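Data first, discussion second: the structure below is written as structure tokens.
Computed from the coordinates by the stated procedures, all read-outs in this text should not be read as laboratory data. Everything numeric here is computed off the predicted structure, so don't read it as measured data. We place every Cβ from the backbone using ideal geometry, glycine too, and count neighbours over all the protein chains shown.
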Amino acid sequence: MRLAELQQLASSMGLKGTSRLRKSELVAAIREAGPASAAPTRAARKAASATKAPAQPTASAQPAEGEEQPRPRRRRATAPAAAPKHEDLASLELDLPARSQEQAPARGRAERVAHDEVVSGFEAREAGREGSRRSRRRAQAAAGAPERQQRGPVNDSAEDHLDAKAALMRDLADATGTAAVEPAERRRTNGNEARGNQGWDEEEGRGGRRRRGRKRREREGGQNEQRQGGQNERAPREDEVLLPVAGILDVADANHAYLRTSGYLPGAKDVYVSGQQIKDNGLRAGDAVTGWVREGGETANPGGGRGNRRNNRANRQKYNPLVSVETVNGMDPERAKRRPEFTKLVPLYPQEQLRLETTPKALTPRVIDLVSPIGKGQRGLIVSPPKAGKTIVLQQIANAIAVNNPEAHLMVVLVDERPEEVTDMQRTVKGEVIASTFDRPASDHTTVAELAIERAKRLVELGQDVVVLLDSITRLGRAYNLAAPASGRILSGGVDASALYPPKRFFGAARNIENGGSLTILATALVETGSKMDEVIFEEFKGTGNMELRLSRQLAEKRIFPAVDVAASSTRREELLIDPAQLKIMWRLRRLFSGLEQQQALELVLGKLKETQSNAEFLMVISKTTPQGTSLADADDEATLA
């Protein structure tokens, strides 16, 4: 009870001067006034009036009609610690009830009558509570609840004792205005019941929880998918709307992958692919997959968390999952399972030339065909210092391949390049341009390169000829040096030893396949940049290629284009690509180049090319105007060609 309610109760009991008392003193004064004056029953008032004790203020102790009757309190043998003495109450001008011998019998009878009525009301309430308890017990017995053998049977008298004690403690809390406290025995009993109910009804309790969890997982679209690494997908219902989807598969690990629908970089509309779908359909990184997804996705709230399973679940919520696979690289999924693996294909030297000559005025492709011919399956390096025209050379090579070899799939991969160069390449090259500009993080450079080379491998497995132009492998090595975890072994120039393996794997994928198909890679390498790191990267790739085209900055500064060093450019095993008669003339021309300066040799070649309409005519002119040389050299040439 609040202080105002206690003051109102004291004034109704006839106590004066209560406005200056504290709450504890006021409670003690009300208790001291006796239970007869505080009992708000009609029988108590009649009994008090029958005694005709004028000093007993029973009339003033009647509460207003409709007030809740206070419950009986248990009196202690000793006075409360906070109860004031009679001298203090006299000084506070309190009218205490008379304690004469005449009033003792009347007060005793009033107390007994009030106590009987309060007890009868208390018993009625307890009877109702006992009835509800019996109803609960009958319901539990009907449901098949087992007996709680762990804590033993509890008799009704103990329950009644606990209920009575709880009621008295609630009455005391109401009088003092404090929070009700449950008896310690009842708290222990409830705790034991709660702990006992945890193991209650294995079939109904735990089985029901399992069924509820299973239904919840089915509603979310996966049957225990996060525990199995995302390997199960919910089958589509008949009333669901499915939308077609297509993209390049990027396999993150064995348990999940993503279908990149907006290119080779992650996007907001990517599709989640489970590990079970990867196994069932024989999917590999770089596959062009078409399938079906649900309209609108299953959820739009990306999740988060730690651990592989939680991350898989978060990725599943963030991306719309793939429902079914329609085609893999344009084939039926069953047929795609039977394709060979790229690593098991037999590599050979290039045996078929990729001719670049297009028009008489396109001098760059004609020079490349003469000094360093390119074959299907070539692994070539375009070694160039800055501002030597390597980007223009790369564009002309791409356009020449698109014109002369339309059957080849052309891919231009630009790593760490300027955005304007990317736009220029996209507008001038008739092929697939995959780019990651220098303003993007190093992880994007590596992601683009890895997915592009995986896509090229999948096409080679189908027997196609693929040409990949990379600009540049030096910057790709820098990106791996930044993005790859440190191995602890640092080479000269600050290059991590493990950072050179991924670019080597990219460059080493070029090969000519024995029974059809080829992967040609032409990559640019930067030199003379003043960076020790670039020199180390170039030295690592210098001996891995089988074709090299060198550009000269001195020639570019003199505005002599294409700035090709004709003496330093060459191709390994070029006799497999060029006609023997043509090869004999080229070897004679190279002997002539060895005795000339770099600029003189290039000017000689460009001058003759401008005078002729084709390379065949150029070689015919060279064979007529160039001295035959010594007989010993001619004999060596004929022996080599034979």
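Dividing the convex hull volume of the alpha carbon atoms of the range 347-630 by its residue count, what do you get in Å³ per residue? Kindly include the intermediate steps, with their values, before the conclusion.
Details: hull volume 38.2 nm³, N = 284.
Convex hull of Cα atoms, per residue: 134 Å³.
Residue by residue, the range 424-438 carries 3J(HN,Hα) couplings of 4, 5, 5, 8, 9, 9, 8, x, 8, 9, 10, 9, 9, 6, 5 Hz when phi is fed to the Karplus relation 6.51 cos²θ - 1.76 cosθ + 1.60 (θ = phi - 60°); x denotes Gly or Pro. Placing dummy labels 7 Å off each Cα toward the beta-carbon, the span from Glu539 to Glu597 is 3.1 nm. Remark: the Leu265-Lys610 segment gains 119.8 nm on full extension, using 0.36 nm per residue and subtracting the alpha carbon distance.
Taking a sphere under 13 Å around the Cβ of Phe538 and counting the other residues whose Cβ falls inside, with K and R at +1 and D and E at -1, yields a net charge of 0.
Applying 1/(1 + (r/R0)^6) with r as the Cβ-Cβ distance of Arg418 and Glu240 and R0 = 51 angstrom yields a FRET efficiency of 0.65. Label-to-label distance for Lys558 and Ala166 is 10.6 nm, based on points extended 7 Å past Cα in the beta-carbon direction.
Based on the Cβ-Cβ distance of Glu432 and Arg573, what FRET efficiency does E = 1/(1 + (r/R0)^6) give at R0 = 35 Å, to the nearest 0.05? Mind dumping the intermediate values first?
Details: r = 29 Å, r/R0 = 0.83.
My answer for the efficiency is 0.75.
Charge tally around Thr290: other residues with Cβ under 12 Å, Lys/Arg +1 each, Asp/Glu -1 each, net -3. Karplus-derived 3J(HN,Hα) values for the range 476-490, using 6.51 cos²θ - 1.76 cosθ + 1.60 with θ = phi - 60°, are 5, x, 4, 4, 5, 5, 8, 8, 6, x, 5, 9, x, 10, 9 Hz; glycine and proline are entered as x.
Label point of Glu528 set 7 angstrom out along Cα-Cβ; within the range 590-624, amide nitrogens under 13 Å from it belong to 598-599.
Under 5 Å between amide hydrogens, built in the peptide plane, is the criterion, and for Gly14 it picks out nothing among residues at least 5 positions away or on other chains.
Count Lys and Arg as plus one, Asp and Glu as minus one, and take only other residues whose Cβ is under 11 Å from that of Val433; the net charge is then -3. The distance linking the range 369-396 with the range 552-622 is 14 Å (Cα centroid to Cα centroid, whole angstrom). Annotation: the residues Glu5, Glu461, Glu407, Glu32, sorted from fewest to most other C-beta atoms within 10 Å of their own C-beta, follow the order Glu407, Glu5, Glu32, Glu461. As a rough guide to protection, the peptides 548-557, 352-361 ranked by mean Cβ packing within 10 Å, highest first, stand as 548-557, 352-361. Entry note, the range 347-630: relative contact order of 26 percent, from Cα contacts under 8 Å with a spacing of 6+ residues.
Relative protection proxy for 435-446, 508-519, from highest mean packing down: 508-519, 435-446 (other beta-carbon atoms within 10 angstrom).
Please work out the FRET efficiency for the pair Lys624 and Ile392, using the Cβ-Cβ distance as r and a Förster radius of 35 Å; give the result to the nearest 0.05.
Working: r = 32 Å, r/R0 = 0.93.
The value I calculate is 0.60.
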